[in-house]
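Reading through the structure tokens given below for one structure.
The values are calculated or read from the model by the stated rules, or taken from the named source; none is laboratory data. Because the structure is a prediction, the values reported are computed rather than measured. Positions of Cβ are backbone-derived with ideal geometry, glycine not excepted, and every protein chain shown enters the neighbour counts. Just so you know, the surface numbers come from the protein's heavy atoms only, side chains and all, with ligands and any DNA or RNA stripped out. Shrake-Rupley method; radii C 1.70, N 1.55, O 1.52, S 1.80 Å.
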Amino acid sequence: MAQAPKPAPGRVERPLWPPSLRDKLWLLAAQLVLLTLAASVILGLTAREAQKALTLSRQTQAVTAGYSQLSVALSEIEVWSLQPELFGAPAAQMRAQIDARLARAVGPLETAVAAAGPERRAGLERVKALLPGVAALYASTPDVLTRLAVFNTTNGGERFLGEVERLFEPTKVLDEAIAAEIAAGNRDSAAAAASAEDLIRTQTRIGVAVAVLAFLTALGFAIILWRRLDPGLERIEKGLTALSAGDFGHRMNMKGDDELAQIGRAFDRMSDEIASQRAALEAANSGLEKAVAERTVELKAANAALAEEDARRRRFFAEAGHELRTPLTVIRGEAQVALRELDAGRGDPAAGFDRILAQTELMTRLTDDLFLIARAEAGGLSLRREPLDLGDVARQVAEDFGPLAGERGVRLAASAPAPVAVEADRDRVRQIVAALIDNALRHAEGATRIEVAAAVDRNEGLISVADDGAGVPVADRSSLFDRFRRGPARGEGSGLGLSVVRALAEAHGGSAELESGPAGGVRAVIRLPLAKGAPEPAQ
């Protein structure tokens, strides 16, 4: 009688039913793999269709954007062709510029249409066929406007409106063609959006189905884990709870050789290592907190400095734009008046051009002052330092302004009891003193005397300009150094004189301030570092 085969050594025979924990886990894993494969195939097909819809939508948007850019270019050309300075310009020159601008707008549009497919090509060709006529019309805009003006004078009324519509018919036809192409693009975009919505609904259904099956699979895993692994997991949880509470002396002491026992022994080893490293971490933590606090203070200070610099930058552009707007407005107005006079054949535009030249000179001075202040504040102002005596500079500048002061009935005097040696840029120091004297002559209301003095004060070289005018309130003195700030006695000037003075003084490492004058007016004081080896004031 034949004997049954013996099992192979080292292999444990198990009955087919009930399945073991390993069999259940393998069954659930296989189910999850099949579910993932099915979902991946379905989602891949859906993603491919979604990519097609997305590509169509992008191509349609690119074509629509190209037509929009072409429409914007036409609007810019129309506005440009109406500029007064183009009246009388050669039509060929204007046509060349218009063609170049249209070429820049049509190039991206042709690229977008080529990517979108041949069905959009016919519309583009129709639009391109209309562009030469519109370009020719805009190139002859000055002549067209002249003819319309003559036509309106001789005819007027409804015939004039009809003539306008006839002359500008090419632009109307082109606008309608572009609008038609944009509308076609919108329809294609709507179709692509509808297709995308269908794909979204399909993906939603697939997602719900996958979620349900995944939930069932996860539920199976949860039941197995809860029934078979709950005691070991509970012990691991207690150990982790003790560890999070700071009880590094807790040990799991799990028996056996399975995975849970290996986890327990690894946890016990980790607890030993953490306990030994905790002391070192606590010692390093105090130093780290201190470093973080110091760095936080530095970052706050840096952020505050950046915010202040940004505020200064915004204020600078706003003030500069405000000050430049007035001369630009005058220049434009004078130019328009001169053009009208020339067109009418009457009047001499020389006076208007003189006023325009005066305004440009004002803008030049204003711009130079702004650039000087900006370079000084940025630390980029170049200075040619040399040894010089502030007393000599004071006397020389006072002599230069003597005739002007005499014409205004003001006595201008300079004094320097002893040499005041500094290392500075002579031209810039002269500019400082000249600006202060000019400021006093312009704005010191009721002044009859201006004193320019140089002296050594508190280990610094001092040069001052004092007047006996009405003075300035104490609360307003510091703000007069701000850009475009004018005093109560508003005279001529851009409001940058004292700003330039302060910028030049600070570029030399000095300072500028206003104080009460000895005769009741205002005394502007500039302090500069003394040259090395210069004698100190007598005590």
Rounded to the nearest whole Å², what accessible area per residue is found for the range 60-124 with the 1.4 Å probe? 51
Name the residues whose placed amide hydrogens come within less than 5 Å of the amide hydrogen of Leu412, ignoring near sequence neighbours (fewer than 5 apart) on the same chain. Ile450
Contour minus Cα-Cα span, Thr202 to Ala291, at 0.36 nm per residue, comes to 26.5 nm
Rounded to the nearest 20 debye, what is the charge dipole size of the range 176-302 about its Cα centre when +1 sits on each Lys and Arg Cβ and -1 on each Asp and Glu Cβ? 460
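Please work out the FRET efficiency for the pair Leu45 and Asn186, using the Cβ-Cβ distance as r and a Förster radius of 22 Å; give the result to the nearest 0.05. Can you show the working numbers first?
On the way: r = 29 Å, r/R0 = 1.31.
Once rounded, the FRET efficiency stands at 0.15.
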Put +1 on the Cβ of each Lys and Arg and -1 on the Cβ of each Asp and Glu in the range 163-205; which of Ser195, Thr171, Gly185 then has its Cα farthest toward the positive end of the dipole? Ser195
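Quick one: length gained pulling Glu513 to Asn303 fully straight, 0.36 nm per residue minus the C-alpha distance? All intermediate terms of the calculation are to be shown ahead of the outcome.
On the way: separation 210, 0.36 × 210 = 75.60 nm, distance 2.87 nm.
Length gained between Glu513 and Asn303: 72.7 nm.
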Given R₀ = 51 Å, what would the calculated FRET efficiency be for Ala275 paired with Lys52, taking r from the Cβ atoms and rounding to 0.05? 0.25
Just to confirm my numbers, what's the Cα centroid distance between the range 264-310 and the range 120-151 in Å? 71
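Determine, from the Cβ-Cβ distance of Glu341 and Glu399 and an R0 of 30 Å, the FRET efficiency 1/(1 + (r/R0)^6), rounded to the nearest 0.05. Don't skip to the answer; put the middle values down first.
Numbers: r = 45 Å, r/R0 = 1.51.
Given R0 = 30 Å and the Cβ-Cβ separation, E is 0.10.
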Once you place label points 7 Å from the Cα toward the Cβ at Thr111 and Ala261, how far apart are they in nm? 7.0
In the range 411-446, whose amide N lies under 16 Å from the spot 7 Å out along Cα-to-Cβ of Arg385? List them in ranges. 421-429
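Listed highest first by mean packing, meaning other Cβ atoms within 10 Å per residue, what order do 58-70, 105-117, 278-290 come in? Write down the numbers at each step before the final one.
Details: 58-70: 20.0, 105-117: 17.3, 278-290: 9.7.
With the highest mean Cβ count within 10 Å placed first, the list reads 58-70, 105-117, 278-290.
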